[in-house]
Amino acid sequence: MTRASSLPPNYTIRQARNIDIPAIYQIILLDINDLKILKILIIFALFIAIGIFLIFSAMCIAIGNCSLSFQDFWITLVIIPLIVSGSILIASFIQIASIFHRQDGSIVLLIEHHNRLVAYAIQSQKHSYSLLNSLHVKSDYRRLGLGSCLVQNLASVGVRPIYVFPTPDSLRFYIRHGFILVQEQNLSPELRRNSRCLGLI
């Protein structure tokens, strides 16, 4: 582990190893203030469950053989959201784990406080640019300069330009660190999305 001059005392920054995958995943899941997406997905799964149950009910009524009960309805409401959200969680875990086995020179940096993971950043390297896939600081550790330290370290080792697709909340953070809005026609085809892209040139 190395001590970075821009970090507060007792904080260290280092490259991640395979053994760190569960800790990174735990940050994503257990940071209460950042579970909005998971909540939205679970609510969406509930609507899917209700929709499926109503469709099956309508089919039962149409064919005249309705054997679905109120208990079946509640089982559907529980099981389908569990399956959907569980599948999403497993897929995201596999996605994080796969980063450590890529051959594209991906960089995963961690910041620890008293040997406890509090922030991480994931950046994949392409031939002519880098893509900052994810940067996360636990809610209790924000406003300490940890995100800034991660960006500075990635900028010093990554292939430039470095692109990022910021959320509305993180847009000002990246602009403060030198990222500028990149016009869609100036991006390679694989980076052309429906959200705005910032680049650190």
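The values are calculated or read from the model by the stated rules, or taken from the named source; none is laboratory data. Keep in mind that what you see is a predicted model, and the values were worked out from it rather than measured. All Cβ positions, glycine included, derive from the backbone under ideal geometry; neighbour counts span all protein chains shown.
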Task: segment 165-186, subset modelled with pLDDT under 90 and either touching a strand residue (DSSP E or B) at 6+ places or on another chain (Cβ under 6 Å) or not in a loop (DSSP other than H, G, I, E, B) (or both), residue surrounded by the fewest Cβ atoms within 10 Å (Cβ to Cβ) - done: GLN185
Open item on the list: Could you list, ordered by first residue, the pairs with Cβ atoms under 7 Å in which the first is in segment 116-135 and in contact (Cβ under 8 Å) with a residue 40 or more places away in the chain and assigned by TED's automatic domain parsing to the domain that holds VAL151 and the second is among the polar types (S, T, N, Q) and surrounded by fewer than 21 Cβ atoms within 10 Å (Cβ to Cβ), at least 6 apart or interchain?
Closed with: LEU131/SER124
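Conditions tested, residue by residue: (1) out of contact with any helix residue (DSSP H, G or I) (no Cβ under 7 Å at 6 or more places or on another chain); (2) of a type outside the set (Gly, Ala, Ser); (3) buried (at least 21 other Cβ atoms within 10 Å of the Cβ); (4) closer than 13 Å to PHE179 by Cβ.
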| position | (1), (2), (3), (4) |
| --- | --- |
| GLU112 | yes, yes, no, no |
| LEU132 | no, yes, yes, yes |
| SER139 | no, no, no, no |
| ARG142 | yes, yes, no, no |
| SER148 | yes, no, no, yes |
| VAL157 | yes, yes, no, no |
Task: Condition check for ALA49: out of contact with any strand residue (DSSP E or B) (no Cβ under 9 Å at 6 or more places or on another chain) and either surrounded by 11 or more Cβ atoms within 10 Å (Cβ to Cβ) or at pLDDT below 65 (or both) - done: yes
TODO: Filter segment 187-201 down to residues that are in a helix (DSSP H, G or I) and loosely packed, with under 15 Cβ neighbours inside 10 Å and give me whichever is farthest from the chain's Cα centre (by Cα).
DONE: PRO189
